[in-house]
Amino acid sequence: MTSLAVANPGSLIQSVDWVAIAPPLIAAVAALAVLVADLFLPERHRKWLGRLAAAGLALALIALLPLTGGSPRATFCVQNVAGGSDNGGCSYVADHFALVFQLLALGGALIAALLSAHTVEDEKLPGGEYWFLLLSSATGAALLPASRDLATMVIALEVASLPAFALVALRRDGRGAEAALKFFVSSVTATAVMLLGIGFVYAASGSLHLGAVAQGLEHAPGQLKPLAEAGAVLTLVGFAFKVAAVPFHFWVPDTYTGAPLPVAGYLSVVGKAAGLSGLALATTIAFRPYAHTWGLVLAVLAAVTMTVGNVGALRQRFDTRYSAVRLLAWSSVGQAGYLLVPLAAAGYAPTGVDPLGATAAYALIYGVVNLGAFGVVAAVGRRAGTSVDDFRGLFARRRWTALALAFFLLCLAGLPPGVIGLFGKVVVFRAAVDAGLGWLAVVMAVNVVVALYYYLLWTARLFAPAPGAAPGAEPGAAPVGEAGAEGPLPAGLTATLGLTASVAVVLSFAPQLVLQVAGGSLF
């Protein structure tokens, strides 16, 4: 009889916590369901694929509810010497950090799906492929925040990224292929550098689990410390690329311009959330022994990123084609700098203080208002264009759409009545001050003032006299012969604008609903 190599082979069999992995699993199953349904549905019923995708994302969001109470749930764990397991040896942990970023990833994907309904039809995009790729990318983005070993993190990052390349390339007008190529080449380069860094980290620490990596790096022999430090820096490159931090930002304006608008909005929120969660996990858990080193690096990166993003937005001409999309692209780079501030503060924060809540809270706020802004750009672009000057007089043509965009822009600027945007910036600013990064807080304050210029300039365009308006007409009056000319918005666009605007208004009246995330520890 053949003897087994382990004393207790039954101990190798683990039960899977299906409730813990339900959110990304439901999104993955929905992706497969869309792919199979696309084979059998006749052409006239293809619109049901979008509804199936939205339903799958909604179910994935509902699956987060059973995880909100009680202690974190973990699965795929390595057993310790005593025969038990703890979260430190698990590859998947559904804790508060994971739930917040899964909410952002799946919620952002759901809004992008609503925003995509008319785009797939108007631009004649292949529906089955589009919805499958969107759901697949959302699956990777939802898996990444719960990953607790470097191998799973890389797989999740690539699952989120690879479908995104194809989504950008689905537009068949030449710009999509060019944008996808730039996105692909730069992303593959960043991933290759990150894999090299992970190899160095594994050689120095002897493990891929984040907690064990931290212990291994802390006790690594002196001759391996240069290798470990180089590995840590290289590992962070891949996540910095997804966040669009400088100098890994150069792909953003061209990719957003060449991609379908819902895909650009998706990348600006969900793609950024995936990279941000990976960056937070790698730094605060795996590379904690080098906290002061990566804290300084991230602080400088945050300062440069917000400055470059805002300067790029300032230099954007409002009369050029696609200038509204490019302005939002540069704005997203600047916002990435603000999101990095609490991560940098985490490297200097005393034990027991967790500034990551400020990043999570600001990311939730940014996700809602930025997707709303992309929704308005998509609505205006159907009949006019996507230059900022095309928004002149929007209040006269579409009063509620103009008010929604004005509110989104004021939230991004941090001005009343966009109170939630103001509170978000205050929380981030406070994280920098509490960590002793006064110089970074000053840089952030200057950049917030600089950003006010282009946000307010765009807002003023909305209420300027509309082209062709009758002399002496009231500011809110429709231009002569244009009343109702644009017709009603598609249901998906209406749902997107209504949902994002409603959430932003509710959060402005009750900011504690999201800012309470900043008050406690996420791990």
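In the range 348-433, which helices (runs of 4 or more DSSP H) lie fully inside it and hold 3 or more residues that are crowded, with 24+ Cβ neighbours inside 10 Å and aromatic (Phe, Trp, Tyr)?
Values: elements: 356-381, 394-397, 399-413.
Counting at least 3 such residues, we get 356-381.
Being assigned to a loop (DSSP other than H, G, I, E, B) and not aromatic (Phe, Trp, Tyr) is the requirement here; does Arg321 meet it?
Numbers: assigned to a loop (DSSP other than H, G, I, E, B): yes; not aromatic (Phe, Trp, Tyr): yes.
Answer is yes for this residue.
Looking at the range 438-450, is at least one residue among the polar types (S, T, N, Q), touching a helix residue (DSSP H, G or I) at 6+ places or on another chain (Cβ under 7 Å) and modelled with pLDDT of 85 or more?
Going residue by residue through the range 438-450, those that are among the polar types (S, T, N, Q) are 447.
From what is left, the residues that are touching a helix residue (DSSP H, G or I) at 6+ places or on another chain (Cβ under 7 Å) are 447.
Next, from what is left, pick out any that are modelled with pLDDT of 85 or more: 447.
Yes, some residue in the range 438-450 is among the polar types (S, T, N, Q), touching a helix residue (DSSP H, G or I) at 6+ places or on another chain (Cβ under 7 Å) and modelled with pLDDT of 85 or more.
So, in the range 128-158, exactly how many residues are within 23 Å of Ala22 (Cβ to Cβ), buried (at least 22 other Cβ atoms within 10 Å of the Cβ) and either among the hydrophobic types (A, V, I, L, M, F, W, C) or free of Cβ contacts under 8 Å to residues at least 12 places away in the same chain (or both)?
Of the residues in that region, 14 qualify.
Filter the range 197-211 down to residues that are assigned to a helix (DSSP H, G or I) and surrounded by fewer than 18 Cβ atoms within 10 Å (Cβ to Cβ), then give me how many there are.
Filtering the range 197-211 down to residues assigned to a helix (DSSP H, G or I) leaves 197-205, 210-211.
If we keep only those that are surrounded by fewer than 18 Cβ atoms within 10 Å (Cβ to Cβ) too, we end up with 199, 202-203.
The number of residues fulfilling the criteria is 3.
Against the definition (charged (D, E, K, R) and buried (at least 24 other Cβ atoms within 10 Å of the Cβ)), how does Lys242 come out, yes or no?
Details: charged (D, E, K, R): yes; buried (at least 24 other Cβ atoms within 10 Å of the Cβ): yes.
Yes.
All but one of (1) outside any helix (DSSP H, G or I); (2) hydroxyl-bearing (Ser, Thr, Tyr); (3) touching a Lys or Arg at 6+ places or on another chain (Cβ under 8 Å) hold for Ser161, so report the exception by its number.
Going through (1) outside any helix (DSSP H, G or I); (2) hydroxyl-bearing (Ser, Thr, Tyr); (3) touching a Lys or Arg at 6+ places or on another chain (Cβ under 8 Å) one by one, Ser161 breaks only (1).
Would you check which residues across the range 49-73 are closer than 11 Å to Ala20 by Cβ and modelled with pLDDT under 85 and list them?
Passing the criteria: only Pro72.
Residue check: is Ile285 in contact with a Leu (Cβ under 8 Å, 6 or more places away or on another chain), in a helix (DSSP H, G or I) and open to solvent by 30 Å² or more (accessible area, probe 1.4 Å)? Lay out the reasoning, then the answer.
Values: in contact with a Leu (Cβ under 8 Å, 6 or more places away or on another chain): yes; in a helix (DSSP H, G or I): yes; open to solvent by 30 Å² or more (accessible area, probe 1.4 Å): yes.
Taking the combined requirement at face value, the residue satisfies it.
Name the pairs: first residue in the range 314-332 and in contact (Cβ under 8 Å) with a residue 24 or more places away in the chain, second residue surrounded by 15 or more Cβ atoms within 10 Å (Cβ to Cβ) and of a type in the set (Asp, Glu), Cβ to Cβ under 8 Å, at least 6 apart or on different chains?
Correct list of pairs: Phe318/Asp389; Asp319/Asp389; Ser323/Asp389; Ala324/Asp390.
For Leu227, are the conditions met, namely being open to solvent by 50 Å² or more (accessible area, probe 1.4 Å), in contact with a helix residue (DSSP H, G or I) (Cβ under 8 Å, 6 or more places away or on another chain), within 30 Å of Tyr130 (Cβ to Cβ) and not aromatic (Phe, Trp, Tyr)? It would help to see each step written out before you state the result.
On the way: open to solvent by 50 Å² or more (accessible area, probe 1.4 Å): yes; in contact with a helix residue (DSSP H, G or I) (Cβ under 8 Å, 6 or more places away or on another chain): yes; within 30 Å of Tyr130 (Cβ to Cβ): no; not aromatic (Phe, Trp, Tyr): yes.
No.
Return the only residue of Val270, Val233 being at pLDDT 85 or above and either touching a Pro at 6+ places or on another chain (Cβ under 6 Å) or within 22 Å of Val428 (Cβ to Cβ) (or both).
On the way: Val233 fails: either touching a Pro at 6+ places or on another chain (Cβ under 6 Å) or within 22 Å of Val428 (Cβ to Cβ) (or both).
Of the residues listed, the single one that is at pLDDT 85 or above and either touching a Pro at 6+ places or on another chain (Cβ under 6 Å) or within 22 Å of Val428 (Cβ to Cβ) (or both) is Val270.
The values are calculated or read from the model by the stated rules, or taken from the named source; none is laboratory data. All values reported here derive from a predicted model rather than from experimental measurement. A quick note on method: Cβ atoms are made from the backbone with ideal geometry, for glycine too, and the neighbour counts reach across all protein chains shown. Surface accessibility is based on the protein's heavy atoms, side chains included, excluding ligands, DNA and RNA. Shrake-Rupley method; radii C 1.70, N 1.55, O 1.52, S 1.80 Å.
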